[in-house]
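Peer 1: Got a structure for you, written out below as structure tokens; questions coming shortly.
The values are calculated or read from the model by the stated rules, or taken from the named source; none is laboratory data. Quantities reported herein were computed from a predicted structural model and do not represent experimental measurements. Neighbour counts run over all protein chains shown; Cβ positions are idealised from the backbone, glycine included. Just the protein is used for accessible areas: all its heavy atoms, side chains included, with ligands, DNA and RNA removed. Shrake-Rupley method; radii C 1.70, N 1.55, O 1.52, S 1.80 Å.
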Amino acid sequence: MSDTPDTRQPTLLLGQTLSFTANPFEVPFEDAVSHETVGAVLIRDGQIAAVGQAETLRALNPTAKVIDYGKGLIMAGFVDAHVHYPQTAMIASWGKRLIDWLNSYTFPEEMRFASKTYAADIAGRYLDLTKAHGTTTVASYCTIHPVSVDALFEEAQKRGQRVVAGKTCMDRNAPEGLMDTAQTAYDQSKQLLQAWHGVDRISYAITPRFSPTSTPEQLDAMGALWAEHPDCLMQTHLSEQTDEIDWVLGMFPDARDYLDTYEKFGLLGERGLYGHAIHLTDRERARLKETGAGLVHCPTSNTFIGSGLFDMQGLMAEGHNVGLATDTGGGSSFSMLRTMAAAYEVGQLRHNPLHASQLLWLATQGSARSLHLDDKIGNLAAGMEADLVVLDLASTDAISQRSSRAEDLWESIFPTIMMGDDRAIRAVWINGKAA
């Protein structure tokens, strides 16, 4: 039987269900999660109409098309808050330090995105790969080429998928074919923003790559554009590696710290999204908290490139807004399950192991909140958009033999977080349709 629903009738998905009622970093996980062993999710017109017990929802919706996932765990689709889709083809390139890695792998690959045909091929491949791993929303950097933005948004439109992205802006310290100017960065970003922001499920993010690749004039232009369009997100990188920080401070000798190179140009705010944020000063932490900016933890990338260990415990205790991301292709996997496993391992190295509920929250609610989309995606609740993933908690022999010994929900889920891959993704629903 096909999973594709008849649009003339609601669809009822049966299985275990998991929803968040609170943040498990703030309250005990027992009080943060709602779980139904024999649950159901009613989908109507692309939205979640109801979540509850299977028996109750079946009785209330006798004409709904029923799809039974048995013991499969139905939850919100994963939200990846920081990626570079143009790096899809070069993922898992032999690691160097950040700056060498950019010059050796990233910039040569990004040059190819001047071709709309090439960009569209990679965009489609990227969205297919991430969907196979249960990811339903991404926030992506494109390249300096406007066609790279169009390509991703057009591919997302075909799938009815919610995507955040923007043209990456660089006017120094990059190959000549990857540099624009302060004026062209402003003009092209504005044209793309006006063409795409708010169309279907598309959101535009103003995207200066990071301070070392933008002159003060370009950063100022991006700050001006953001001030004109404050409903947009602004995404960039912050304090990923110690030698990067030294590089930044050498180029901005009057800056108090790395964050100040954004702040002085109007690039610090509540809708700002700052990838990595590992080596933060006390002032930076205080200002980021004060403004309510979003920080994005990229654990597979941070370990793959040797950047450092994100302070999840300390930042969460301070009340920061934190999401989780693969950081494709600096990150070594398209999978948010693998990313959760890496976040757990980083937590262990910092003597703060994360609970399974916290990992799932980061990959859904936390990332959605950092993108200011938590009223639309990232949870299994009535009124939310129907972007869902169904997890098979016994997808391999290794996982099955461990989960069979589970004494509670979390013991049954944790092996899939630590050892799961695309085989654990039983189904994905995007915008109310089986993907």
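Peer 1: Would you tally the residues in the range 405-420 being among the acidic types (D, E), open to solvent by 80 Å² or more (accessible area, probe 1.4 Å) and in a helix (DSSP H, G or I)?
Peer 2: Qualifying residue count, the range 405-420: 0.
Peer 1: Residue under question is D374, and the condition is that it be closer than 22 Å to A343 by Cβ and out of contact with any Pro (no Cβ under 8 Å at 6 or more places or on another chain); does it hold?
Peer 2: Yes; evaluated as a whole, the condition is true for this residue.
Peer 1: Failed condition for Y118, given (1) without any contact (Cβ under 8 Å) to a residue 24 or more places away in the chain; (2) among the aromatic types (F, W, Y); (3) outside any helix (DSSP H, G or I), with all others met?
Peer 2: Among (1) without any contact (Cβ under 8 Å) to a residue 24 or more places away in the chain; (2) among the aromatic types (F, W, Y); (3) outside any helix (DSSP H, G or I), Y118 violates only (3).
Peer 1: Among (1) at pLDDT 95 or above; (2) over 21 Å from H133 (Cα atoms); (3) touching a strand residue (DSSP E or B) at 6+ places or on another chain (Cβ under 7 Å), there is one condition M336 misses while meeting the rest; what is its number?
Peer 2: Exception for M336: condition (2).
Peer 1: Quick check on my filter: what residues within the range 49-90 are among the β-branched types (V, I, T) and over 30 Å from K167 (Cα atoms)?
Peer 2: V51, T56, T63, V66, I67, I74, listed by residue number.
Peer 1: Next question. Just a yes or no: is a residue in the range 316-337 assigned to a helix (DSSP H, G or I) and crowded, with 22+ Cβ neighbours inside 10 Å?
Peer 2: yes
Peer 1: Here are some conditions: (1) open to solvent by less than 20 Å² (accessible area, probe 1.4 Å); (2) more than 27 Å from S335 (Cα to Cα); (3) in a strand (DSSP E or B). A49 meets all but one. Which one does it not meet?
Peer 2: A49 satisfies all of (1) open to solvent by less than 20 Å² (accessible area, probe 1.4 Å); (2) more than 27 Å from S335 (Cα to Cα); (3) in a strand (DSSP E or B) except (1).
Peer 1: If you don't mind, another one. Can you tell me how many residues in the range 159-199 are at pLDDT 95 or above, surrounded by fewer than 16 Cβ atoms within 10 Å (Cβ to Cβ) and part of a helix (DSSP H, G or I)?
Peer 2: Residues that pass the stated criteria total 5.
Peer 1: To continue, here is another question. Under 8 Å between Cβ atoms, at least 6 apart or on separate chains: pull out the pairs that start in the range 206-221 with a residue that is more than 19 Å from D243 (Cα to Cα) and of a type in the set (D, E, K, R) and end on any residue that is open to solvent by 10 Å² or more (accessible area, probe 1.4 Å) and in a helix (DSSP H, G or I).
Peer 2: E217/A182; D220/A182
Peer 1: Somewhere in the range 99-110, is a residue modelled with pLDDT of 95 or more, open to solvent by 20 Å² or more (accessible area, probe 1.4 Å) and of a type in the set (S, T, N, Q)?
Peer 2: No, because not a single residue in the range 99-110 is modelled with pLDDT of 95 or more, open to solvent by 20 Å² or more (accessible area, probe 1.4 Å) and of a type in the set (S, T, N, Q).
Peer 1: Let me ask you something else. Within the range 57-97, how many residues are over 23 Å from N431 (Cβ atoms), assigned to a loop (DSSP other than H, G, I, E, B) and either without any contact (Cβ under 8 Å) to a residue 24 or more places away in the chain or not basic (K, R) (or both)?
Peer 2: Qualifying residue count for the region: 6.
Peer 1: If you don't mind, there's one more thing I want to ask. Within 22 Å of the chain's Cα centre (by Cα) and either assigned to a loop (DSSP other than H, G, I, E, B) or more than 24 Å from Y141 (Cβ to Cβ) (or both): which single residue out of G366, G383 fits that description?
Peer 2: Among G366, G383, only G383 is within 22 Å of the chain's Cα centre (by Cα) and either assigned to a loop (DSSP other than H, G, I, E, B) or more than 24 Å from Y141 (Cβ to Cβ) (or both).
Peer 1: Looking at R402, R423 in this structure, which one is open to solvent by 10 Å² or more (accessible area, probe 1.4 Å), under 29 Å from K65 (Cβ atoms) and in a helix (DSSP H, G or I)?
Peer 2: Going through R402, R423 in turn, just one is open to solvent by 10 Å² or more (accessible area, probe 1.4 Å), under 29 Å from K65 (Cβ atoms) and in a helix (DSSP H, G or I): R423.
Peer 1: Right, here's the next one. Taking A156, is it open to solvent by less than 20 Å² (accessible area, probe 1.4 Å) and of a type in the set (G, A, S)?
Peer 2: yes
Peer 1: Taking the stated definitions as given, is G72 open to solvent by less than 10 Å² (accessible area, probe 1.4 Å) and within 25 Å of the chain's Cα centre (by Cα)?
Peer 2: Yes; evaluated as a whole, the condition is true for this residue.
Peer 1: Under 6 Å by Cβ, and 6 or more places apart or on different chains, what pairs join a residue from the range 40-52 that is under 9 Å from L380 (Cα atoms) with one that is open to solvent by 20 Å² or more (accessible area, probe 1.4 Å) and in a strand (DSSP E or B)?
Peer 2: So the pair list comes out as V41/V51.
Peer 1: Then there is this: Quickly run through the range 388-399 and pick out the residues that are over 27 Å from L42 (Cβ atoms) and either open to solvent by less than 40 Å² (accessible area, probe 1.4 Å) or at pLDDT below 95 (or both).
Peer 2: Selection gives T396, I399.
Each row is one residue, and each column tells you yes or no for (1) under 23 Å from the mean Cα position of the chain (by Cα); (2) under 28 Å from V322 (Cβ atoms).
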site	(1), (2)
T181	no, no
W226	yes, yes
R256	no, yes
F265	no, yes
